[in-house]
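Since the structure comes first, as structure tokens, the remarks are kept for the end.
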Amino acid sequence: MTKFIKLSPLVIGVVALVGFVIYLNWPAEDKAAPQRLGGATSVVIATAEIQAFPIVVEALGTAVANESVNLTAQQAETVKSVFFEDGDIVKQNQLLIELSDREEKARVHELDINIAEAKRQLNRIKGLAKKSAASEQLLDEQRAGVDGLEAQKDVLDAQLSELQVRAPFAGRLGIRQVSIGSLVRPGDVISTLDDLSILKVDFSISELHFASVANGQSIVATSIAYPGENFTGVITSIDSRIDPVTRAIQVRAQIPNGDLKLRPGMLLQINVEKRVVDALVIPESALVPEGESQFVFVVDGESKARKTKVIIGQRKPGWVQIIDGIEAGQEVVIEGTLKVRDGSGVKVVPPPVVTSKY
């Protein structure tokens, strides 16, 4: 009597998965077999050539505002009026906060009355002095009295100006920290003000590159906030000392920021171009690292791949400078390096065409 074995769905699923994995890998081994038997490996090549190659110093720096200040009051008083909102762009000397000034204005009014009366008396004494009815001493005393009252008014005017908070320069305000009726004291922060039209960025470079930087030299900055966008600036100052511990020197650059994209505190990648040299370059994908050495596969006239050690120099995205090992005009493998071996035959094919599906 025939017996049927009942298999669980889990066992069936595992068997199916193993079979599918074997199916996916089997053709790949079959395709590699002709190459192991001496068939030519399909590769993409590029020609080593002389190009203008910029030598760049890279550094990191933090952006700071061209001018930055915490706005504070000079007198302890309550806030009478507020003339700005958070984030406002203000002009130089624009009135921002007015503190209570009733007592000072009353004293000014009193002094105005006293000065007017003192001047009237001075004019009367001048008239009497012309008729010899008043002495010169009395006239001088009255003049001194008028001058003293006007000096007192100047002091009160200065005190009145200290009850007004104005923008010391044009810029963008931060978040307002006070309201009408608030008691503020000297040192209390009312808001912040930053001049963002120009941003400064400080960064350090190695002592090795000290001779390659100078005031007026161009720099290019990038930020992760704006992928693919470059911000150009110039070096404005170089520190007078090299740090004896890090052997680095501080450099400051300025970046125009008319569109206000950059903000203080941003981390910027700084590239300083030292010089441009005519260098032998190849695509970076041609390199085959082994330990601390670098190799490339050079395709000779017999369509054979020859493994060749090279000495590399500077890099830039997608390219590398070759100092020694190959010469201009030689062809190197840039795609298929993992499939070829030293002396194996190769078949040069054109690079794949990348098409967008949108």
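The values are calculated or read from the model by the stated rules, or taken from the named source; none is laboratory data. Treat the numbers as computed from the prediction; the structure is a model and nothing was measured. We place every Cβ from the backbone using ideal geometry, glycine too, and count neighbours over all the protein chains shown. With ligands, DNA and RNA removed, areas are computed over all heavy atoms of the protein, side chains included. Shrake-Rupley method; radii C 1.70, N 1.55, O 1.52, S 1.80 Å.
Observations
- Taking segment 241-273 as the range and being open to solvent by less than 30 Å² (accessible area, probe 1.4 Å) and either aromatic (Phe, Trp, Tyr) or part of a loop (DSSP other than H, G, I, E, B) (or both) as the test, the residues that pass are Asn257, Leu262.
- Among the residues making up segment 277-309, those that are among the β-branched types (Val, Ile, Thr) and within 14 Å of Asp342 (Cβ to Cβ) are Val288, Val296, Val298, Val299, Thr308.
- When we screen Thr72, Thr78 for residues that are in contact with a Pro (Cβ under 9 Å, 6 or more places away or on another chain), modelled with pLDDT of 80 or more and not hydrophobic (A, V, I, L, M, F, W, C), the only hit is Thr72.
- Restricting attention to segment 84-108, the residues being in contact with an Asp or Glu (Cβ under 8 Å, 6 or more places away or on another chain) and closer than 21 Å to Leu196 by Cβ number 0.
- Within the option set Val178, Val146, being more than 30 Å from Glu58 (Cβ to Cβ), touching a helix residue (DSSP H, G or I) at 6+ places or on another chain (Cβ under 9 Å) and open to solvent by less than 30 Å² (accessible area, probe 1.4 Å) holds for one residue only, Val146.
- Test: residue in segment 244-261 that is at pLDDT below 90 and in contact with a strand residue (DSSP E or B) (Cβ under 6 Å, 6 or more places away or on another chain): yes
- One residue stands out in segment 68-87 among those that are of a type in the set (A, V, I, L, M, F, W, C) and not in a strand (DSSP E or B): the one that is nearest to Ser191 (Cα to Cα), namely Phe84.
- Count of segment 227-240 residues which are in a loop (DSSP other than H, G, I, E, B) and either β-branched (Val, Ile, Thr) or open to solvent by less than 60 Å² (accessible area, probe 1.4 Å) (or both): 1
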